[in-house]
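Please read the structure below before turning to the comments.
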Amino acid sequence: MNNSVGSTARLVGAGLRALLVLTVICGIVYPLAVTGIAQALFHDKANGSEVKDGSGRVVGSSLIGQRYDLPKKDPDDADEAARPDLRWFQPRPSNGLGTNSVNTQYSLVLSGATNRSGDNGALDGKCTGDSGEGTLCAQVLAAERAVVTDNSTTTYRVRPQDVPADAVTSSGSGLDPDISPAYAKLQVHRVAERNGLTIPQVEKLVRDTTRGRQLGFMGEPRVNVLELNTALRALAGN
């Protein structure tokens with residue numbers, strides 16, 4: 001009987017000591033070590049890849065896409081379609097993004113692409129593009145027409161064949177923060193006109209915020225829309 005009680009006590013004591021040691025290592029030492037290494041070597045990424053404006057205010061994360069829409073005419077109308085604020089560079093189309101006007105008060109509604117599969121019954125097989133590139137769905141054509149209309153100015157006319165794919169299709173997550181340099185350049189004339197800037201000024205913003213391929217060979221060149229609009233706001237304000 002005494003041996004049984006003694007063995008149980010030793011097992012309980014060993015378990016408690018193991019619990020204490022593992023708690024200290026896994027709950028205190030390891031998190032502090034990982035946090036310290038992350039802050040020392042990857043400070044920006046460890047803090048959420050924050051994007052700040054000229055005053056140091058955080059306006060979002062470079063990893064998450066944001067919309068730039070005008071306020072609703074009726075704030076209580078959940079079905080009212082979003083209207084893009086054409087002063088700003090627009091991101092890829094998506095119903096998975098909340099609204100934002102270069103501020104910190106935005107909310108993400110959901111994450112998901114808005115594209116339909118080729119066998120979706122909602123697609124119109126008879127719908128063809130003006131560019132003669134084959135059959136396109138009505139959803140993409142409507143987006144293409146909107147891009148042409150929104151970005152054409154008194155001195156610059158956008159042609160349907162100039163509209164890149166990322167201007168009319170969303171990403172897989174719906175939260176893609178980047179657009180192609182082609183789509184950014186397509187918006188330059190409209191942004192310059194709406195903000196009272198010159199074309200070279202806005203083109204320089206696009207060049208300055210364009211990132212190349214990762215490690216020189218992975219992916220495609222891209223432009224982060226939030227960083228671009230943050231730089232635009234600073235330039236337009238000045």
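Scan the range 205-228 residue by residue and report those that are in a helix (DSSP H, G or I) and touching a helix residue (DSSP H, G or I) at 6+ places or on another chain (Cβ under 9 Å).
Leu205, Val206, Arg207, Asp208, Thr209, Val225, Glu227, Leu228
Could you tell me how many of the residues in the range 64-81 are touching a strand residue (DSSP E or B) at 6+ places or on another chain (Cβ under 9 Å) and surrounded by 14 or more Cβ atoms within 10 Å (Cβ to Cβ)?
Residues meeting the conditions: 6.
Kindly indicate the residue of the range 167-177 that is in contact (Cβ under 8 Å) with a residue 60 or more places away in the chain and farther than 19 Å from Ala142 by Cα and also nearest to the chain's Cα centre (by Cα) among those meeting that condition.
Of everything passing the filter in the range 167-177, Pro177 is nearest to the chain's Cα centre (by Cα).
Considering only residues that are surrounded by 14 or more Cβ atoms within 10 Å (Cβ to Cβ) and of a type in the set (A, V, I, L, M, F, W, C), look in the range 212-233 and name the one that is nearest to Gly60 (Cα to Cα).
The extreme case among them is Leu226.
When you go through Ala9, Ala38 one by one, which is the residue that is within 30 Å of Asp176 (Cα to Cα), in a helix (DSSP H, G or I) and small (Gly, Ala, Ser)?
Selected residue: Ala38, the only one of Ala9, Ala38 that is within 30 Å of Asp176 (Cα to Cα), in a helix (DSSP H, G or I) and small (Gly, Ala, Ser).
Just one of the numbered conditions (1) at pLDDT 95 or above; (2) closer than 20 Å to Pro84 by Cβ; (3) of a type outside the set (S, T, N, Q) is not true of Leu175; which one?
Every condition holds for Leu175 apart from (1).
Name the single residue that is surrounded by the most Cβ atoms within 10 Å (Cβ to Cβ) among those in the range 178-211 being within 17 Å of the chain's Cα centre (by Cα) and over 23 Å from Thr149 (Cα atoms).
Applying the filter and picking the extreme gives Thr209.
Test of understanding: among Ala184, Ala231, which residue is part of a helix (DSSP H, G or I), without any contact (Cβ under 8 Å) to a residue 60 or more places away in the chain, within 20 Å of Leu86 (Cβ to Cβ) and not charged (D, E, K, R)?
Criteria check complete, one pass: Ala231.
Determine if the range 148-165 includes at least one residue that is surrounded by 17 or more Cβ atoms within 10 Å (Cβ to Cβ), in contact with a strand residue (DSSP E or B) (Cβ under 6 Å, 6 or more places away or on another chain), at pLDDT 80 or above and under 30 Å from Ala234 (Cβ atoms).
Among the residues of the range 148-165, not one is surrounded by 17 or more Cβ atoms within 10 Å (Cβ to Cβ), in contact with a strand residue (DSSP E or B) (Cβ under 6 Å, 6 or more places away or on another chain), at pLDDT 80 or above and under 30 Å from Ala234 (Cβ atoms), which makes the answer no.
The values are calculated or read from the model by the stated rules, or taken from the named source; none is laboratory data. Source: prediction; values computed, not measured. No Cβ is skipped: glycine too gets one built from the backbone with ideal geometry, and neighbour counts run over all protein chains shown.
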